[in-house]
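We did not get these values from a lab; they are worked out from the coordinates using the rules stated. Please read these numbers as outputs of a predicted model, since none were measured by experiment. FYI the Cβ positions are ideal-geometry reconstructions off the backbone, even for glycines, and counts take in every protein chain you see.
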Amino acid sequence: MGDRMINIFANEDIYSREVRKLLRRKLEQSGFSVPKQFTPEAELVVSIGGDGALLRTLHEYDFPPIPFLGINTGHLGFFQEIHPDELDEFIFLYKQGRYDIQNLKTVKADVLESGKGYMYKGLNEITIKADNPSTIHLNISIGNSFIERFSGDGILVCTPAGSTAYNYSLGGSIVDPRLSILQITPIAPMNTTAYRSFTSSVVLPEELSVTVHPELRKGSGFLVIADGMEHRHGCIDKMVLGFSETEVNLLRFEHYDFWTKVKSKFL
Ligand code: NAP
Ligand code: MN
């Protein structure tokens, strides 16, 4: 079957659904087919919505290697490459192969709870927080060195692609995604005579991992949040964070420039 298939996902709002219908018609007129369900044989995934929609599609299909294209009908659209009024240009350029693929690194966390292992991945970040209002204490090692007993709301470990999301709101640095570094960013760190924690982000090279030994919380537990998707844990014996092997491939066109995007979204 020489069929060129493209998966399309859209947010539930009326506008995103309209864009989906229009795109589907245009793609079919250009000789592509649009399967009803996610098809791994497809050559492209189009996600219509905001960054959140793209993140949810990625997680739902477990980070497929197929390139993704985001069409922005959301609020910010940092990952999203085109606007809904650019569908014809997109199809024209795509058919001629006039695009680049931006490879983005992902972060992963291996969580051990009562002898059971869990693995989470994130394109933006993985966060560990309390599941109730009281402070958490996290013993943090970088590589093989014990660094600090963190006290506060929690920490996140973000990729360069995620540096412009939650990390940026917390005062973390914006990182060019051509760099392979992870950033550990504290969330409301406490610095008193009772508790001592780093108050700024720290930046790590790709070969180092971060090990977290959370302190037991009586009657409560932890939330591990990957790209905004939350997972509840009781006690966590150990959590190891680092880069994952998985990359996310985003379609980018000629005009794409990371710093132009940063400026247009933040300044
Ligand atoms: P959300 O709470 O609806 O949206 C948070 C905002 O972050 C949205 O405007 C979203 O863009 C934007 N965003 C997502 N990824 C981004 C990126 N890589 N660079 C710049 N902005 C980005 O949640 P969501 O839409 O499902 O997105 C999940 C992300 O929200 C998480 O990964 C986390 O980084 C972020 N978050 C931020 C805060 C905060 O800043 N205080 C708190 C919690 C979570 P769209 O409008 O295009 O969706
Ligand atoms: Mn959103």
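For the stretch 4-98, treating each Cα as an identical point scatterer without solvent, what Debye log10 I(q)/I(0) comes out at q = 0.13, 0.24 1/Å?
Those come out to -0.38, -1.42, one per q.
Mind listing the long-range amide H neighbours of H137? Cut-off is under 5 Å, sequence gap 5 or more, other chains count too, H placed in the peptide plane at 1.01 Å from N.
Amide H neighbours of H137, under 5 Å, 5+ apart: E215.
If r is the Cβ-Cβ distance from T135 to E207 and R0 is 25 Å, what FRET efficiency results, to the nearest 0.05?
Details: r = 32 Å, r/R0 = 1.26.
About 0.20, to the nearest 0.05.
Name the residue, out of L112, L54, L182, whose mean-square fluctuation peaks in a Gaussian network model built on the chain with Cα pairs under 10 Å.
L112
Going by amide H atoms built from the backbone, whose H comes under 5 Å of the H on E113, apart from near neighbours?
Y118, D237
Nearest 500 deg cm²/dmol is fine: what mean residue ellipticity at 222 nm does the chain get from its DSSP H runs of n ≥ 4 alone, each adding -39,500 (n - 2.57), divided by its residue count?
Details: 5 runs with 48 residues, N = 267.
When only DSSP H runs of four or more count, the value is -5000 deg cm²/dmol.
Each residue of the stretch 192-197 in order: what ³J(HN,Hα) in whole Hz does its phi give by Karplus 6.51 cos²θ - 1.76 cosθ + 1.60, θ = phi - 60°, with x for Gly and Pro?
9, 5, 7, 9, 10, 9
First measure r as the distance between the Cβ atoms of K36 and M229, then evaluate 1/(1 + (r/R0)^6) with R0 = 35 Å and state the FRET efficiency to the nearest 0.05.
On the way: r = 25 Å, r/R0 = 0.71.
Between K36 and M229 the formula returns 0.90.
Across the chain, what fraction of all alpha-carbon pairs, as a whole percent, falls in each successive 10 Å bin from zero upward?
Result returned by the calculation: 7, 28, 31, 20, 11, 3, 0.
Find out how many positive minus negative residues lie around T164, taking Lys and Arg as positive, Asp and Glu as negative, among other residues whose Cβ is under 11 Å from that of T164.
Working: positive: K261, K265; negative: D51, E125, D176.
That works out to -1.
State the answer as a single residue: which of F90, L22, Q80 lies farthest towards the positive end of the charge dipole of the stretch 4-98, with beta carbon charges of +1 for Lys and Arg and -1 for Asp and Glu, about the Cα centre.
L22
Any chance you could run the full-extension gain for L22 through H255? It's 0.36 nm times the residue separation minus the Cα-Cα distance, nm to one decimal. Walk me through the numbers on the way to the answer.
Working: separation 233, 0.36 × 233 = 83.88 nm, distance 2.39 nm.
Here the segment from L22 to H255 would lengthen by 81.5 nm.
Describe numerically, in nm with one decimal, the distance between label points set 7 Å from Cα along Cα→Cβ at I101 and at S200.
A separation of 3.7 nm, rounded to one decimal place.
For a quick protection proxy, order the peptides 86-97, 128-139 by their average other-Cβ count within 10 Å, most packed first. Write down the numbers at each step before the final one.
Details: 86-97: 13.9, 128-139: 16.3.
Taking the mean over residues of other Cβ atoms within 10 Å, the ranking is 128-139, 86-97.
Quick check for me: using +1 on Lys/Arg Cβ and -1 on Asp/Glu Cβ, what's the dipole size of the stretch 199-267 about its Cα centre, in debye to the nearest 20?
Values: 8 positive and 10 negative charges, 86 e Å.
Here the stretch 199-267 has a charge dipole of around 420 debye.
Taking the Cα centre as origin and putting +1 on Lys and Arg beta-carbons and -1 on Asp and Glu beta-carbons, what dipole magnitude results for the chain, to the nearest 20 debye?
Numbers: 27 positive and 33 negative charges, 74 e Å.
That gives the chain a dipole magnitude of about 360 debye.
Once every Cα of the stretch 122-168 carries one equal point scatterer and solvent is ignored, give the base-10 log of I(q)/I(0) from the Debye formula at q = 0.18, 0.20, 0.21, 0.34 Å⁻¹, two decimals.
Per q value, in the given order, log10 I(q)/I(0) is -0.65, -0.77, -0.83, -1.06.
What does the extension gain come out to for N191 and K263, with contour length at 0.36 nm per residue minus their alpha carbon separation?
Working: separation 72, 0.36 × 72 = 25.92 nm, distance 3.29 nm.
Separation in residues times 0.36 nm, less the Cα-Cα distance, equals 22.6 nm.
Top mean-square fluctuation among T127, T164, T193, Gaussian network model of the chain, C-alpha springs under 10 Å?
Of T127, T164, T193, the Gaussian network model singles out T193 as fluctuating most.
The stretch 172-267: which GluC sites (Glu not before Pro) are DSSP loop and have at most 15 other beta-carbon atoms within 10 angstrom?
Values: sites: E206, E207, E215, E230, E245, E247, E254; in loops: E206, E207, E215, E254.
For GluC sites (Glu not before Pro) across the stretch 172-267 that sit outside H, G, I, E and B with at most 15 neighbouring Cβ atoms in 10 Å, the list reads E206, E207, E215, E254.
With only alpha-carbon pairs counted, each pair once and no self-pairs, how large is the Kirkwood hydrodynamic radius of the stretch 42-100 in angstroms?
Working: mean 1/r = 0.0845 Å⁻¹.
Answer for the stretch 42-100: a Kirkwood hydrodynamic radius of 11.8 Å.
Taking the Cα centre of the stretch 4-98 as origin, sum charge times position over the Cβ atoms of Lys and Arg (+1) and Asp and Glu (-1), and report the length of that vector in debye to the nearest 20.
The calculated dipole for the stretch 4-98 is roughly 320 debye.
Just the number, please: percent antiparallel of the DSSP beta bridges in the chain, rounded to the nearest 5. Mind dumping the intermediate values first?
Details: 58 of 72 bridges.
If we restrict to bridges inside the chain, about 80 percent are antiparallel.
Per residue of the stretch 230-238, what does 6.51 cos²θ - 1.76 cosθ + 1.60 with θ = phi - 60° give for ³J(HN,Hα)? Whole Hz please, x for Gly and Pro, Karplus curve as stated.
9, 10, 8, 10, x, 7, 10, 6, 6
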